[in-house]
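Notes follow once the structure below has been shown.
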Amino acid sequence: MNKPLLSVLALTALLSTACSDLKKPEAKDEPQEATSDTAVVYRKDSTVADAAADAANSVDAAWDMTKAKLADAKYEEIDLPEISVRDDDKYSVYGLEETVLFDTDKAEIKPTATRALSEIGGSIGRRYGKSQVRVMGFADSRGDKSYNKELSAKRAEAVKNWLTSNASIGANRISLEPMGETAPVATNATPEGRQQNRRVEIAVIK
């Protein structure tokens, strides 16, 4: 075989390899080359995700009230009988029954609830100007569990919106926890007990 023919065959093989490489799709979600720049980018993304997860876990841990030893408290700025206040060395919790805030099966705040919410918002501003706040909605055990939780979530959201709009509490300070029918404070066997269980509590970390 002469040299010109060998050269042509070699060139053909080279071009075939190059075309094959060009046709290979790149994996979008994987680094294509382990350069120092790509390593920094992937390490940075991982660090941000880890930091976000740690922050979320830290917030949840801060709101673990299962071991709280709350006792009735009296704050001089709270004088309405429909507002209950309980606290310990870590939390303050303001409570309002459903009848103060909402009509049955509704999540729109009554106009008559303004004074009570204003007292609570003023108290939080006076005592805990920068503290984190959590609005918890509760229901009784009648009806479907998922419905009860959804309604308690909507009610908690309505209270949060009122506080951010009317009590100068930043939305970034307020988190929500729809409790549904969990954590009753009275029996669900009587109308009076169920009424007590339908409530909203506004907790503050001191």
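If you go through segment 129-146 one residue at a time, do you hit one that is under 15 Å from V93 (Cβ atoms), at pLDDT 95 or above and surrounded by fewer than 21 Cβ atoms within 10 Å (Cβ to Cβ)? Taking every residue of segment 129-146 in turn, at least one turns out to be under 15 Å from V93 (Cβ atoms), at pLDDT 95 or above and surrounded by fewer than 21 Cβ atoms within 10 Å (Cβ to Cβ).
Within segment 184-203, the set of residues being touching a Phe, Trp or Tyr at 6+ places or on another chain (Cβ under 8 Å) and touching a residue at least 60 places away in the same chain (Cβ under 8 Å) comprises R198, R199, V200, E201, I202, A203. Being under 15 Å from I202 (Cα atoms), in contact with a Pro (Cβ under 9 Å, 6 or more places away or on another chain) and in contact (Cβ under 8 Å) with a residue 24 or more places away in the chain holds for only one residue in S131, S123, S141, S152, and it is S152. Restricting A107, A189 to those that are under 20 Å from the mean Cα position of the chain (by Cα), farther than 24 Å from E76 by Cα and assigned by TED's automatic domain parsing to the domain that holds P81 reduces the list to A107. For segment 134-146, the condition of being at negative phi, assigned by TED's automatic domain parsing to the domain that holds R198 and part of a helix (DSSP H, G or I) holds for at least one residue.
What about D72, is it of a type in the set (D, E) and modelled with pLDDT under 90? So D72 fails the test.
The values are calculated or read from the model by the stated rules, or taken from the named source; none is laboratory data. Remember, predicted model here, so these are calculated numbers, not experimental data. Heads up, the Cβs are rebuilt from the backbone with ideal geometry, glycines too, and the neighbour counts pull from every protein chain shown.
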